[in-house]
Amino acid sequence: MSSENKKIHIAILASFTMNGFDDAISRAAFAGGIESDVYLAGYNQVHQEVLSAESGLKSFHPDITFLFTNAEKALGDAAVNPFGLKTPSDRRTYVMERAKAYTDIARAFLRECPGMLVAGNIPMPTYSPLGIQEGKIEMSLSDMVGLFNQELKNLAMREKRIFICDMAAFFGRHGERTIVHDPFYYIGDIFIQPALMDFLAEECMAFVKPLAGKAKKCIVLDLDGTLWGGIIGEDGIEGIRLDTKPPGNAYYDFQRYLKALNDRGVLLAVNSKNNPEDALKAIREHPSMVLKEDSFASIQINWRDKAENIRAIAEDLNLGIDSFVYIDDDPLQRERVRSEFPEVLVVDLPKDPALYVRALQAIVDFNTLQLTGDDFKRAESYVHQRKVNALKGSVSSMQDFLKGLNMEISIQLADDFTVPRIAQLTNKTNQFNLTTRRYTEQEIDTMRKSTAHRVLSFSAKDSFGDHGIIGVVIIKTDTKEWAIDTFLMSCRVIGRDIEKAVLASLAGHAEKQGAKALFGEYIPTPKNALCKDLYVRAGFTDMGEGRYRLDDYARCAPVEYIKVIEPNVWNVY
Amino acid sequence: MERLLKVLEKILKVQPANVNDMTSPQNTPSWDSFNSILLADALEKEFKTKFTMDEILDVKNVGDIKRHLKNHGIKF
């Protein structure tokens, strides 16, 4: 369990010299709003640090450890002279042995050390002694490196705590001749020259940011000059630049990359100064719009201040403004948003639209540590929410509106299938989270198997769609009075009394099981003010110091317009 | 000399007033083997040049740095 703002412990192990990388990591973390302590292990001390009981790494208690190697260290002489091994099968056997030696270290790490391990793979060779025959023979040098990297990836796919730092891609982006300074390499076994360390450190933040709860969830986009060239209000739908041919193809491609992020769960929103009818017409009718109206979870097209619009989008989506990325071609608007919301990641979009995609690719902030099926559904679900909000405007009372939703929630005991999603929710839910206790998958798994706890998840459906798992409850039930350790819910479904329905179900069962009372707890954080009154609203008595007690169970009544299904939750032990 | 002193001050954290041709790893605790590399890196960037491995390994004091810069035709 970790609290909201503790220092993240970042360790670095490498089989070559990485002096200075510790400072680069601290700088990159600081720039991302993360406080860190960094531990750089001694040169080529990987085995000792992982295996010895009293190593610096062990006493450092890392939250995340980066491990780097290269072809020379991982494959030895074969990295230079692979054809000293005569047959393809000799070479394959050799690589499998070396890959096992490397993955054995990773496995030992799992046994010996806490936290995540981010293991670097090997950059692809840019030279082979075989020359043009490299492409003609079996188990050539690039095949050997590929096999080594695949073995590492196979381990990462099996082990939840192991991730891959794609050094092969890093070398592809920057180039071997830029990264390796040959005199420095021979003098000091410096594989990444000092000037490139800040770039690598920035890429490492892709792993550190989600661990520190700093992931971004939504991209707020300007329209004119950003999603298309020109000004829709002046140039008209035929005049704006957006096409599969130049000059509109850079904008078209930018939209394709945004669509790909949207499909993996990053939300998109529009923030544009325009006449809404002009801009919406372009979004709906322009033949080269990759992003459709349904791609956007919130649309603000008007003549208001753009910072005000960002606030409206945050309210619309029930998301913290600190989870936003802002993309606008107008430096003035960027400055306006930056000064109003320093917590927003404002992208310094290059002047040339041909460079927009690169600017987008450089953002490492959208990562999650687990990618669940629900991530792929998320964007869709927010679009449902936008339609639900539209319905809100069309019915007379809130009660009628909620009734019209035909809500159904299903409460279930955690199982193998739901544990990853439950852990993910405990780590990334900030606003509707009564206690903000963060748990790893392992911790959730231990609790759900103990008779002292019940770990429950709940999912919701309504007339507009299936939201999947949207909340978690963990109750301590081994005492006469039950205590709610964790109660959290996704912001997508706030404002529908789902929380009350869940509490009523808990209260009903506490009564049936003979618990004398049900205790709730509220631990304030900078982000969770919205659930401050939850327990009082649900009929609990305020005991002071963030403790709430319910013994008259009738005071916590079910919600009439929410159907609750709870298959076998309460009679398992 | 000013540009060279600036680099030495930045990498080795030494007072420019205390630096002379005989300033060396022996009398400067912060001048370790890794800082020798950082120094070469910073000098390459400041003077837009590249040193060979032998030049870097040959440097035993500030006088040697000046000699190599001169060989590169650099005014420092």
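Key figures
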| quantity | calculated |
| --- | --- |
| Label-point separation, B:Ser33 to A:Tyr127 (7 Å along Cα→Cβ), nm | 2.4 |
| Angstrom value of the Kirkwood radius, inverse mean 1/r, which spans all Cα pairs in chain A | 26.5 |
| Net dipole in debye of chain B [+1 Lys, Arg Cβ; -1 Asp, Glu Cβ; about Cα centre; nearest 20] | 300 |
| FRET efficiency, 1/(1 + (r/R0)^6) with R0 30 Å, evaluated for A:Arg338 and B:Arg3 via beta carbons | 0.30 |
| A:Ala312-A:Leu355 FRET efficiency (beta carbon distance; Förster radius 45 Å; 0.05 resolution) | 0.90 |
| Cross-link pairs A:Lys7/A:Lys563; A:Lys351/B:Lys48; A:Lys7/B:Lys50; A:Lys281/A:Lys306 - those with Cα-Cα distance over 32 Å | A:Lys7/A:Lys563; A:Lys7/B:Lys50 |
| Which of A:Val325, A:Val536 is most accessible, then next, and so on - probe 1.4 Å | A:Val536, A:Val325 |
| Gyration tensor (Cα) of the range A:48-90, equivalent ellipsoid semi-axes in angstrom | 35, 11, 8 |
| A:Leu530 - accessible surface, heavy atoms, 1.4 Å probe, Å² rounded to 10 | 70 |
| Spatially proximal aspartates and glutamates relative to A:Lys500 (Cα-Cα < 17 Å; intrachain offsets below 8 disregarded) | A:Glu408, A:Asp462, A:Asp485, A:Glu511, A:Glu521, A:Asp533, A:Asp542, A:Asp551, A:Asp552, A:Glu560, A:Glu566 |
| Under 15 Å from the A:Ser410 label point (7 Å along Cα→beta-carbon), backbone N, the range A:458-491 | A:458-463, A:465-471 |
| Subset of A:Lys292/A:Lys532; A:Lys387/A:Lys527; A:Lys153/A:Lys216; A:Lys216/A:Lys273; A:Lys428/A:Lys449; A:Lys214/A:Lys245 violating a 32 Å alpha-carbon distance limit | A:Lys292/A:Lys532; A:Lys214/A:Lys245 |
| Per-residue average of Cβ from other chains inside 10 Å of A:11-22 | 1 |
| Rg in Å to one decimal, and Dmax rounded to a whole Å, for the range A:272-421 via C-alpha atoms | 18.5, 53 |
| Largest-first ordering by accessible area, 1.4 Å probe, given options A:Arg358, B:Arg67, A:Arg421 | A:Arg358, B:Arg67, A:Arg421 |
| √(5λ) per eigenvalue of the Cα gyration tensor, the range B:15-76, largest first, Å | 18, 13, 11 |
| Estimated FRET transfer efficiency (A:Lys245, A:Lys292; beta-carbon r; R0 25 Å; 0.05) | 0.75 |
| Computed label-point distance, nm, for sites A:Arg304 and B:Asn71 using a 7 Å Cα→Cβ extension | 6.8 |
| Cα gyration tensor, the range A:427-534 - rounded (a/c under 1.5), prolate or oblate | rounded |
| Accessible-area ranking of B:Asp21, A:Asp77, A:Asp485, largest first, probe 1.4 Å | A:Asp77, B:Asp21, A:Asp485 |
| Cα-derived Rg over Rh, computed across the range A:73-162 with Rh taken as Kirkwood radius | 1.03 |
| Between 0 and 90°, nearest 10: helix A:141-158 axis offset from chain A longest Cα axis | 30 |
| Theoretical gain in end-to-end length, A:Thr451 to A:Ala362 [0.36 nm per residue, Cα-Cα removed] | 27.4 nm |
| Estimated inter-spin distance, A:Glu97 and A:Asn154, nm [label 7 Å along Cα→Cβ] | 1.7 |
| The range A:1-150: translational diffusion in µm²/s, Stokes-Einstein, Kirkwood Rh over Cα pairs, 20 °C, 1.002 mPa s | 126 |
| Net charge dipole size for the range A:258-360 [Lys, Arg +1 and Asp, Glu -1 on Cβ; Debye, nearest 20] | 220 |
| Gyration tensor verdict on the range A:360-509 (Cα atoms; rounded if a/c is under 1.5, prolate if a/b is larger than b/c, oblate otherwise) | oblate |
| Cα gyration tensor shape for the range A:218-326, rounded if a/c is under 1.5, else prolate or oblate | oblate |
| Dipole magnitude of the range A:197-341 about its Cα centre (Cβ charges: Lys, Arg +1; Asp, Glu -1), debye to nearest 20 | 440 |
| Candidates per GluC sites (Glu not before Pro) in the range A:105-208, loop by DSSP, up to 16 other Cβ within 10 Å | A:Glu138, A:Glu159 |
| Expected-Rg normalisation [2.2 N^0.38 Å, Cα atoms] applied to the range A:395-481 | 1.28 |
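The values are calculated or read from the model by the stated rules, or taken from the named source; none is laboratory data. All values reported here derive from a predicted model rather than from experimental measurement. Neighbour counts are summed over all protein chains in view; Cβ atoms, including those assigned to glycine, are modelled from backbone coordinates with ideal geometry. When the accessible area is computed, the model is the full protein with side chains, heavy atoms only, and any ligands, DNA or RNA have been set aside. Shrake-Rupley method; radii C 1.70, N 1.55, O 1.52, S 1.80 Å.
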